[in-house]
Structures are given as structure tokens and as C-alpha cells.
1. Going through B:151, B:145, B:215 one at a time, which residue ends up being at pLDDT 85 or above, under 16 Å from the mean Cα position of the chain (by Cα) and more than 14 Å from chain A (Cβ to nearest Cβ)?
2. Quick one: would you say residue A:116 is more than 13 Å from every other protein chain (Cβ to nearest Cβ), at pLDDT 90 or above and either surrounded by fewer than 17 Cβ atoms within 10 Å (Cβ to Cβ) or over 19 Å from residue A:158 (Cα atoms) (or both)?
3. Any idea which of (1) facing chain A (nearest Cβ under 9 Å); (2) more than 17 Å from the chain's Cα centre (by Cα) is the one residue B:116 doesn't satisfy?
4. Does residue B:256 fit the bill of being within 21 Å of residue B:181 (Cα to Cα) and modelled with pLDDT under 70?
5. Take the conditions hydrophobic (A, V, I, L, M, F, W, C), crowded, with 20+ Cβ neighbours inside 10 Å, in contact with an Asp or Glu (Cβ under 8 Å, 6 or more places away or on another chain) and within 7 Å of another protein chain (Cβ to nearest Cβ) and apply them to residue B:23. Does it pass?
6. Just checking, does the range A:19-26 include any residue being farther than 20 Å from residue B:135 by Cβ, facing chain B (nearest Cβ under 10 Å), within 14 Å of the chain's Cα centre (by Cα) and surrounded by 17 or more Cβ atoms within 10 Å (Cβ to Cβ)?
7. Could you figure out which of (1) under 25 Å from residue B:269 (Cβ atoms); (2) assigned to a helix (DSSP H, G or I); (3) charged (D, E, K, R); (4) at pLDDT 85 or above isn't true of residue B:10?
8. Check B:275, B:236, B:292 and return the single one that is at pLDDT 80 or above and either surrounded by 13 or more Cβ atoms within 10 Å (Cβ to Cβ) or over 22 Å from residue B:213 (Cβ atoms) (or both).
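The values are calculated or read from the model by the stated rules, or taken from the named source; none is laboratory data. Here the structure is a predicted model, which is why all the values come from computation and not from measurement. Note: ideal-geometry Cβ built from the backbone for every residue, glycine included; neighbour counts use all protein chains shown.
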Amino acid sequence: MSIYRTSITVSFFVFIFILQAAVINQIPFFIEGFSLFLAVTFSWIASTERAETFATAFIAGILLDLSPSLDAPVGLWTFTLLFLSYLISLYRESLGDLDGRPMTAALYLLATTSSALLIYILTAALLGVDVPPALRAGIDTAGNAIWTLLLSPLYFPLINRLKLRLFAIGKIRSGG
Amino acid sequence: MVQRGSGRTRLLLVTLLVTSLLLITLDLRGVSLVNSFRTGTQAILRPFQSMGSAIFSPIGNFFGDIANIGQANEKLDQLEADNKRLLEELAEAEDIKGELKQLKDVLDLAGRGGYKVVSAKVIAFDSSANFEETLTLDIGSSSGVTRDMTVISGKGVVGVVKSVTSRSAIVQLISDPGFKMGVRIAGTQAMGILSGEGSSTFTLELLDARSTVKVGDVLLSRGSSGNRPFPPGLPVGVVTSVDDSTGALTKSATVRAFANLGSQGVVSVILSTKVDDPRDALMPKPPAPTPVPTVTVFITPTPEPTKKSKSNQENG
């Protein structure tokens with residue numbers, strides 16, 4: 001991963017992190033909340049090569065770990081996203097190109113974001129962090145899954161196009 | 001189809017995984033450098049959250065109105081009657097009035113308890129994706145706020161300060177699953193532990209199995225050593241149902257908080273307490289009975305017919 005691509009990825013995820021904290025968290029969703037950050041992370045990862053997938057998951061995980069309201073230890077989100085990115089990279093060829101298949105993309109995002117939340121809360125519980133009761137965690141995860149699914153036609157193509165454009169500028173600059 | 005990576009990619013993955021595990025270990029061992037990153041993030045996020053709160057509150061209110069569609073319809077009928085300028089003025093006035101009422105209530109409670117408080121505006125709520133129940137205040141250590149200070153609304157305990165930067169503070173709400181506090185029942189003085197459950201209700205477990213608890217019992221904070229984090233006697237909630245399981249070792253009950261945790265615009269942080277335990281003096285007053293209107297009946301006597309009118313009736 002080149003310096004240009006790394007800096008673009010870091011800047012983009014910092015922007016989404018601030019957007020989540022300053023805007024998305026202010027909106028009272030009817031059914032629990034929506035983690036735009038997670039949805040964007042897995043949208044970005046969906047069309048990234050293997051090594052870049054891990055680096056992206058690491059960057060996104062570190063940012064999530066820096067959320068000031070978190071009680072869980074720093075590094076837990078990084079670990080969770082790295083683990084999931086490894087699983088995604090294993091089955092990347094089976095997934096194929098998601099850009100022209102909105103239903104598959106929506107289901108992919110639903111599965112990955114929900115798995116991330118569940119793996120996170122399970123790992124947190126194993127580390128002795130206070131976690132909500134199972135029913136509450138289930139409702140939170142289901143609420144997030146619904147919004148991820150419903151809004152995926154809006155953000156998934158947008159992220160893909162934005163990423164292509166940003167990285168294309170990098171190629172032109174470096175003469176690649 | 002399972003894809004296998006090259007040795008270099010695998011090395012990268014292992015390195016990143018080890019780094020994340022190292023971070024977890026350092027954090028669990030209490031290395032302050034790791035924790036200070038979060039405090040730094042909060043300091044960076046604060047201006048964005050304040051700006052977001054100012055810009056997107058109307059959008060949030062809009063979604064809130066959709067959630068309460070019945071109330072929104074009534075409001076809509078009212079709004080259609082006024083012109084645009086008056087509407088804007090009215091909305092602004094209502095907002096200020098709501099905050100003023102919350103501020104008045106909380107200062108009233110603080111005054112009765114003899115607490116020195118500093119008031120704050122809520123600038124952000126937690127992200128439910130993190131399974132945390134917190135809110136962010138627009139004041140911090142520069143206003144005298146430190147960790148473990150109690151946060152109250154006009155109706156009672158809201159939470160406790162979890163972390164502080166110079167100009168912001170994160171409050172762990174009493175509804176947070178990790179929140180626990182000692183309480184006593186007003187009147188009987190039976191003591192128990194109140195636990196947050198991530199929702200609007202809480203669980204009370206009495207310490208003494210012989211103590212009694214009934215629906216409608218008011219819970220007050222039991223108080224902590226040196227009044228930190230909790231001064232004694234603060235209203236916490238009311239018992240809504242009692243679990244009478246015969247096999248249970250202790251009695252438990254479901255409790256509803258006095259403070260409306262989801263709609264706090266203004267709260268106060270208790271900086272210090274002046275008086276000792278106020279006992280039950282801070283208990284919320286029961287609602288005043290609605291006065292029954294006295295019905296007054298006026299009776300006007302019908303005038304008796306005179307002799308002249310009688311003779312007229314006979315002739316007619």
C-alpha cells in the first residue's frame with residue numbers, strides 16, 4: 001500500500017469517524033442506531049486487494065478504538081475488524097464484483113457489520129468488560145442491521161465510486 | 001472459493017494482529033498512554049459534536065416527531081395556523097423555555113440538597129453501536145468537573161462523570177449495563193443495589209432478604225464515602241414491579257428512573273455538597289390533586305300571578 005493510498009484511506013476514515021460522532025449519532029433512529037463507520041469500512045474493504053484489506057481494517061479499527069465513550073480496551077475493535085477482514089479476504093473470489101449486484105452487496109454488508117458487532121461484544125465479554133444483556137445486544141445489532149441494509153443502495157455505490165476516483169488520481173500523479 | 005495469500009501478506013496480517021493484541025494487553029494493564037489517546041480524541045471531537053448538535057438538532061427533532069406521529073400531527077395543525085416568521089420565533093422560544101425549565105428544576109433540586117453545582121448542555125448522545133449508554137457535556141475540567149462526579153437533572157440522578165477533558169465530559173448514564181449504585185428505599189430505609197440494563201428500566205436487588213419492597217416505593221441514593229460519586233438522598237427512581245420468586249435469595253424489583261434519560265438538554269454536575277445526608281427531603285413531591293370545580297346553581301323564583309293577571313286568564 002503506497003503512501004498516497006494510505007494517506008487517502010486514513011483521511012477518509014477520519015472524516016467518516018467525525019461524521020459518525022458529529023452527525024449520525026445526533027439522529028434518533030426509530031430502531032436503535034446506525035454505524036455508518038462500520039458500513040463504510042466493509043464497503044471500502046469489499047473491493048480492495050488482500051494486503052490493503054488488512055491495512056484498511058487496522059486503520060478503521062484503531063479509529064473505532066479511540067471512540068471516547070468506549071469502555072472496552074483499546075485494540076479490541078482493531079482485533080475484531082482484522083479478524084473479519086481475514087475471513088473476507090479468504091472468500092473474496094466467491095464474492096466477486098459487488099458493484100453491479102446491489103442485493104448481494106446489501107446482504108454482504110448486513111452479514112459483515114452484524115458479525116463485527118457480535119464478535120466485538122463476545123470478545124468484550126470474554127475479556128471481562130461490562131456488556132449489555134443478550135436481548136439488548138440483539139436488539140442493537142438488529143437495529144443496526146436494518147439500517148445498514150436499507151441505506152446500502154445509497155452509500156455502497158457512492159463509496160465505490162469515490163474510492164475509484166481517489167485512487168485513480170493517485171495513479172495519474174504517480175504516472176502509473 | 002478459499003483464497004490463500006502470499007507469505008508477505010500473511011506476515012502483515014500477523015503483525016497487525018499482534019499489534020492489536022499488544023494494545024489490548026497494554027490497556028488492560030492500565031498503561032495511561034493508551035487511555036490518554038481516547039481523552040485526546042474527545043478533545044478533538046468536541047467542537048465537531050457541538051457544531052453537529054447545533055446544525056442537526058432540527059433534523060433529530062424531525063425524526064423524533066415522526067416517531068411520535070400523533071403529537072406531530074397536532075403540532076402540524078397548530079403550525080399551519082401561524083405564518084412562517086412566527087413559527088420560527090415560536091420554535092426558538094419553545095426550545096429556550098424547555099431548557100430553562102430543565103435548568104430551573106435542576107437548580108431547585110441542587111438548592112434543596114445544598115449542592116454546589118455547575119450546569120451543562122448535552123452536546124451528544126452515545127453511539128448505540130458501541131453498546132454504551134453515555135452522553136457528552138459541553139463543560140470539563142476547566143469548569144471544575146472531575147471524574148466520578150454525580151450528574152443530576154431536575155428529577156434526579158442522571159449518571160456519573162466517566163472521563164473529562166478541559167472543555168468536555170463524558171457521562172455514564174444510570175441505564176448503562178455496567179452501571180451500579182447503592183440505593184435505599186425512602187421510608188423503610190431498606191438498602192439495595194440498582195443495576196442499569198441498557199434500557200429505560202433498571203433492576204433493584206435488596207441486600208436484606210427480610211426487607212420489603214412494593215410498587216410505588218421511591219428510591220434514593222445511599223451515598224458514597226466522601227459523597228463521591230454519589231451524595232446521599234438524591235432521587236433515583238420508583239419501583240414499578242416486584243419480583244416475588246419464592247426461590248430467590250434476595251428480593252428484586254424493576255425500577256423506572258425519575259430522570260428522562262433520553263431527552264436531557266440541560267443537566268448539572270455536583271461539584272461539592274454543603275450539608276450532610278438530607279434523608280428523604282429531596283423526594284419528589286406527589287402530584288397535587290386536581291381541584292374539583294364547585295357547581296353553583298342559581299335559582300330565580302317564578303313571580304306569583306297577581307289578581308289582575310288571574311282575572312285576565314279567566315276572561316281569556
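1. None of the others qualify; the one that does is B:151.
2. no
3. Residue B:116 satisfies every listed condition except (1).
4. For residue B:256, the condition - within 21 Å of residue B:181 (Cα to Cα) and modelled with pLDDT under 70 - is not met.
5. yes
6. no
7. (1)
8. The match here is B:236.
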